[in-house]
Amino acid sequence: DVKVTQSSRYLVKRTGEKVFLECVQDMDHENMFWYRQDPGLGLRLIYFSYDVKMKEKGDIPEGYSVSREKKERFSLILESASTNQTSMYLCASSLDGARGGDIQYFGAGTRLSVL
Amino acid sequence: GENVEQHPSTLSVQEGDSAVIKCTYSDSASNYFPWYKQELGKRPQLIIDIRSNVGEKKDQRIAVTLNKTAKHFSLHITETQPEDSAVYFCAASISILTGGGNKLTFGTGTQLKVEL
């Protein structure tokens, strides 16, 4: 059974803080993704990674960065948190396309509040 | 880039009735169309998907249809039950089977409520 684990379910941070959201998957998946979910806007892709140390911008990368030093771990970084980054953040992973990878498996989400 | 529109945003049906959710996409190169279900407080999970070489796919009470010419696809749920109440998301992507990963573009979601 695929397991995608996000380190925190709830986080409360202050404006200007540096915030790290961590995601770990245990299925040897090549691809990892970070989304934010807001009511009425669906899931919007922030960044994704096809391989270790590789990253590509998604649709809304402004204000975020990512790090993938190991295959199983993908971190989302808010360099200086702002109130408009209050949201639910979802991590997902999938196999490489050459291994039949289309299905994305999601973590339980981190609800971040920036005060 | 790809743009996916989803309608309706909310849908209320009586138990036992059918529910239909519709999505349109903009990129004719998209060839993979999954549907995810997200129950309250839980993670999104894939319920059914379809590829562009197929026009329809069924799995028990759930079916998905695809019209490539019109660039739209739909989710059909028959004999709805209270446990079908959830938010449903459609998505579209270009599936790259030679390597790399597919980037999904999601619709904005449909809140389905099945009333007793």
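The set of residues from the stretch A:38-60 being open to solvent by 20 Å² or more (accessible area, probe 1.4 Å) and among the aliphatic types (A, V, I, L, M) comprises A:LEU41, A:VAL52, A:MET54, A:ILE60. Of the strands (runs of 3 or more DSSP E) lying entirely inside the stretch B:38-104, those containing at least 1 residues that are at pLDDT 95 or above, more than 12 Å from every other protein chain (Cβ to nearest Cβ) and surrounded by fewer than 19 Cβ atoms within 10 Å (Cβ to Cβ) span B:56-59, B:62-67, B:72-77.
Screening the candidates A:GLY101, A:GLY16 for the property of being more than 16 Å from B:SER93 (Cβ to Cβ), outside any strand (DSSP E or B) and in contact with a Ser or Thr (Cβ under 7 Å, 6 or more places away or on another chain) yields one hit, A:GLY16. Within the stretch B:1-37, take every residue that is open to solvent by less than 40 Å² (accessible area, probe 1.4 Å) and hydroxyl-bearing (Ser, Thr, Tyr) and give me the one that is nearest to B:ILE62 (Cα to Cα). Ranking the qualifying residues of the stretch B:1-37, first place goes to B:TYR36.
Let's see how each residue does on (1) assigned to a loop (DSSP other than H, G, I, E, B); (2) open to solvent by less than 10 Å² (accessible area, probe 1.4 Å):
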| position | (1), (2) |
| --- | --- |
| A:MET32 | no, yes |
| A:ARG36 | no, no |
| A:GLU62 | yes, no |
| A:GLU69 | no, no |
| A:SER75 | no, no |
| A:SER80 | yes, no |
| A:MET88 | no, no |
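Residue count for the stretch A:45-68 under the criterion of being out of contact with any Leu (no Cβ under 8 Å at 6 or more places or on another chain) and within 17 Å of A:GLN6 (Cβ to Cβ): the result is 4. Which one is modelled with the highest pLDDT among residues in the stretch A:18-50 that are on the phi > 0 side of the Ramachandran plot and at the interface with chain B (Cβ under 10 Å from one of its Cβ atoms)? The selected residue is A:GLY42.
The values are calculated or read from the model by the stated rules, or taken from the named source; none is laboratory data. Here the structure is a predicted model, which is why all the values come from computation and not from measurement. Neighbour counts are summed over all protein chains in view; Cβ atoms, including those assigned to glycine, are modelled from backbone coordinates with ideal geometry. Side chains included, ligands, DNA and RNA excluded: accessible areas come from the protein's heavy atoms. Shrake-Rupley method; radii C 1.70, N 1.55, O 1.52, S 1.80 Å.
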